[in-house]
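Structure first, then comments.
The values are calculated or read from the model by the stated rules, or taken from the named source; none is laboratory data. It should be emphasised that the depicted structure is a prediction, and the values quoted were computed from it without experimental measurement. Positions of Cβ are generated from backbone atoms using ideal geometry, with glycine treated the same way; all protein chains shown enter the neighbour counts. Just so you know, the surface numbers come from the protein's heavy atoms only, side chains and all, with ligands and any DNA or RNA stripped out. Shrake-Rupley method; radii C 1.70, N 1.55, O 1.52, S 1.80 Å.
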Amino acid sequence: MMPAEPVPAMNAGGTGMAPAPRPWGLACLLLAGMGALFFGSYGLANWLASLRSDVPFFHYEWERQIPFIPWTIIPYWSIDLLYAISFFLWRTREGLLAHVKRLLAAQLISVACFIAFPLRFAFERPATDGWPGHLFTLLGGFDKPFNQAPSLHISLLVILWVAYAMHLSRRWRWGLHAWFALIGISVLTTYQHHLIDIPTGWLVGWLCVFAFPLPAALAAPEHAQLAVGVAAASPDPRTRTLARRYGAGAGLAWLLSLAVLPWSVTAWLLITWVALALLCVALVYRSGRPERFGKADDGRMPMAAWWMLAPYLGGAFLNTRWWTRRHDAVSHVADGVWIGRLPGRAELQQAGADALLDLTAEFPVRPGVADYRCIPVLDLTVPSQAQLRAAVGQISAWHANGKTVLVCCALGYSRSALVAACWLATHRGERDAGMVLAQLRAARPVVLGPASVAALERFMAGDQA
């Protein structure tokens, strides 16, 4: 399935204008620049490693059983052609620039690692005759046995895989996936990389995809329109504090990973993954933009978020179950409206819900109901007045249609509770915040701090900010 076309620009008279031409010239210029950077920086890292008297290596002993398969040099080499063509896939300047930012970030991160922590390939490659031998000889002209982890080949594979997948029709996808998988395997069967280089390169690639999302108009339709919700007029100032905390957590995890490295490379890799996940969350909070998690309006998360945030998502999900273990998963507020934690099938059945209002930005959700809407709000922050009005309006519309509504956040104690309080005030015509909170707390042990109470009072006073 092809990606969604950008919305045509409008001229001053309000009539549609012809779509802008593809940025062929910019693509040629950027390809030339990135090509020069690639060979220059990659060669520099190789040269610096060659000056060292002893470049270390790491591999698992069982890797010696991996066969050398000469013909796989073809898929290995093919990534160069795919790299060059990828610059000309994009219909818009914005899409092209986002793609190039991903490639540039992968190049800079990988080369920095090659220079700071050089590794070499430890196995002797068997002699190869015929056309595979010629290709290996050509490869050896500029690619020395250094520049191992993270595998830049794998990082670029991830970025290119994403780019081509969104530009090919569905009937070509399986062929694309098979060929890119073969490219990934070829780094081992051509004796170019050890196993540890693959997951490290894989994470760097997904980090670059996550850090530089495509404009919403270019997102693949299977991910649906990003659930940007209703933006806050002024982001919650606590996002900066939370960003620093997540950043500190990322730093501590990174230091721990270095501490365990002498004993276990596998443990180092897993803890480094945790550090990268926390760093990504810190950057989202630093931006104050919940849509940076990438959650779509159907509740799904993009592949980049799944890979980069997996340790965080797993920990956060367990946290939702731990903190709510002594209370009801969902609670009835009034007149067919419930609030609760991140729901599964059991929570939806308990509430009898056929409409779900999701306030989480950080979790993928499988709605399991006919009516679903996401208004993403960062965890531990207070929804804006615009978001509160949108949420209350949605609940009221569903309620008027006889729907049973479940309003959820991670725990069902804060974001969803504030929205439910605002709806109660509107539904019952209350003007006393204390009375509304008392009614709400009779239904569920909610946790609304001073900032949330102030937001409720502003909502009840009709604040339009």
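Based on what the data block shows, is A355 farther than 21 Å from L309 by Cβ and aliphatic (A, V, I, L, M)? So A355 fits the description; yes.
Hey, does region 212-221 have a residue that's open to solvent by 50 Å² or more (accessible area, probe 1.4 Å), at pLDDT below 95 and in contact with a strand residue (DSSP E or B) (Cβ under 7 Å, 6 or more places away or on another chain)? Checked region 212-221: at least one residue is open to solvent by 50 Å² or more (accessible area, probe 1.4 Å), at pLDDT below 95 and in contact with a strand residue (DSSP E or B) (Cβ under 7 Å, 6 or more places away or on another chain). Of all residues in region 91-103, those satisfying the criterion of being in a helix (DSSP H, G or I) and over 15 Å from L203 (Cα atoms) are R93, E94, G95, L96, L97, A98, H99, V100, K101.
Here A45 does not fit the description of being open to solvent by less than 70 Å² (accessible area, probe 1.4 Å), more than 29 Å from A181 (Cβ to Cβ), of a type in the set (G, A, S) and assigned to a helix (DSSP H, G or I). Within region 115-130, at least one residue is under 19 Å from P70 (Cα atoms) and not in a loop (DSSP other than H, G, I, E, B). When every residue of region 149-163 is checked against the conditions, at least one turns out to be surrounded by 18 or more Cβ atoms within 10 Å (Cβ to Cβ), more than 15 Å from Y76 (Cα to Cα) and more than 21 Å from the chain's Cα centre (by Cα). Among (1) buried (at least 16 other Cβ atoms within 10 Å of the Cβ); (2) over 25 Å from G462 (Cα atoms), which single condition is A370 missing? Here A370 clears every test but (1). For the residues L318, L309, the requirement of being open to solvent by less than 10 Å² (accessible area, probe 1.4 Å) and part of a helix (DSSP H, G or I) singles out L309. The lone criterion from (1) in contact with an Asp or Glu (Cβ under 8 Å, 6 or more places away or on another chain); (2) closer than 17 Å to V365 by Cβ left unmet by R300 is number (1). Apart from one condition, L195 fits all of (1) open to solvent by 40 Å² or more (accessible area, probe 1.4 Å); (2) outside any loop (DSSP other than H, G, I, E, B); the exception is (2). Within region 276-306, being farther than 23 Å from P383 by Cβ and either in contact with a Ser or Thr (Cβ under 6 Å, 6 or more places away or on another chain) or not in a helix (DSSP H, G or I) (or both) holds for one residue alone: P302. Of the residues making up region 85-137, those that are within 25 Å of T190 (Cα to Cα) and of a type in the set (D, E, K, R) number 4. Annotation note: of W323, W338, the sole residue that is more than 27 Å from R238 (Cα to Cα) and either in contact with a Phe, Trp or Tyr (Cβ under 9 Å, 6 or more places away or on another chain) or aromatic (F, W, Y) (or both) is W338. For region 274-292, residues that are open to solvent by less than 40 Å² (accessible area, probe 1.4 Å) and in contact with a strand residue (DSSP E or B) (Cβ under 6 Å, 6 or more places away or on another chain) total 1. Considering V447, V419, V436, the condition of being under 33 Å from the mean Cα position of the chain (by Cα) and surrounded by 17 or more Cβ atoms within 10 Å (Cβ to Cβ) is satisfied by V419 alone.
Looking only at residues in region 400-416 that are of a type in the set (S, T, N, Q) and either over 21 Å from E362 (Cα atoms) or free of Cβ contacts under 8 Å to residues at least 12 places away in the same chain (or both), the one that is least open to solvent (accessible area, probe 1.4 Å) is T404.
Taken over region 199-211, the criterion of being modelled with pLDDT of 95 or more and among the aliphatic types (A, V, I, L, M) is satisfied by L203, V204, L207, V209. Applying the set (1) open to solvent by 60 Å² or more (accessible area, probe 1.4 Å); (2) more than 25 Å from L203 (Cα to Cα) to W174 leaves exactly one unmet item: (2).
The sole residue among S110, S86 that is over 19 Å from Y164 (Cβ atoms) and open to solvent by less than 30 Å² (accessible area, probe 1.4 Å) is S110. The numbered conditions (1) in contact with a helix residue (DSSP H, G or I) (Cβ under 9 Å, 6 or more places away or on another chain); (2) modelled with pLDDT under 95 are all true for W174 except (1). For first residues located in region 127-148 and of a type in the set (V, I, T) and open to solvent by 70 Å² or more (accessible area, probe 1.4 Å), partners that are at pLDDT 80 or above and not in a helix (DSSP H, G or I) and lie 6+ apart or on another chain with Cβ distances below 9 Å form the pairs T137/T128.
Taking the numbered list (1) crowded, with 17+ Cβ neighbours inside 10 Å; (2) out of contact with any helix residue (DSSP H, G or I) (no Cβ under 9 Å at 6 or more places or on another chain) in turn, A397 passes all entries but (1).
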